[in-house]
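K.L.:
Okay, here's the structure, questions in a sec.
All of the numbers you see were taken from the coordinates with simple rules; none came from a lab. Being a predicted model, the structure only gives us computed values, none of them experimental. Glycine gets a Cβ as well: all are built from the backbone with ideal geometry, and neighbour counts include every protein chain shown.
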Amino acid sequence: WGEQMDLQEPLTCDWMDINQVLHEALTFMSADLFFKHHVSTDIELQQGLPKVYGNSLAFKHAFGVLLENAVDGMRNSSEGHLAVRTAAEGNVKVAIRSNGNSWSEEPGNSNNGSVASNFSGTESQRCLHFHSRLDLNLVHRILKAYGGTLHQENQPGQTVSTVSLPIRPESTVHT
């Protein structure tokens, strides 16, 4: 996601502003021509969120995958709509909502991070679906490493991905 992680170096963690991480991931998405020209956005990032502890590159990758997944679900429509919201509600919450159908799961089911699925379609659709599932599995692993969770709901014409990240007592100090 714009920067490459050096797998030889240990991941460095620090307190970070999730709104800034999301802003960078959304900026990177603007290179996608469908996103740039066919997706309207509604971005509401709560100011003054507590900082979250983790690796910013890992979080940028995780949110990038969720945004790409949302946009990919809208590609069959002429106009897409993407809403991104952050809030502090016991935890730092990030909600990504789109009017598309995510590749992540069958409508009405929650994603448990499993790569296996009974998806049918063309070979290229199955390949995209498989890679999307692998990416979502990685997102689950990244979030879990920092005490976070991902919940997804997919209904016909709407997909919502909600990330919850823990607020530690030290994170209430805004710098």
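K.L.:
Mind pulling the per residue volume of the convex hull built on the Cα atoms of the range 17-84? Å³ is fine.
P.N.:
Roughly 71 Å³ of hull volume per residue.
K.L.:
Under a Cβ-Cβ cut-off of 10 Å, what is the net charge of the residues other than H81 that fall near it, where Lys and Arg count +1 and Asp and Glu count -1?
P.N.:
-1
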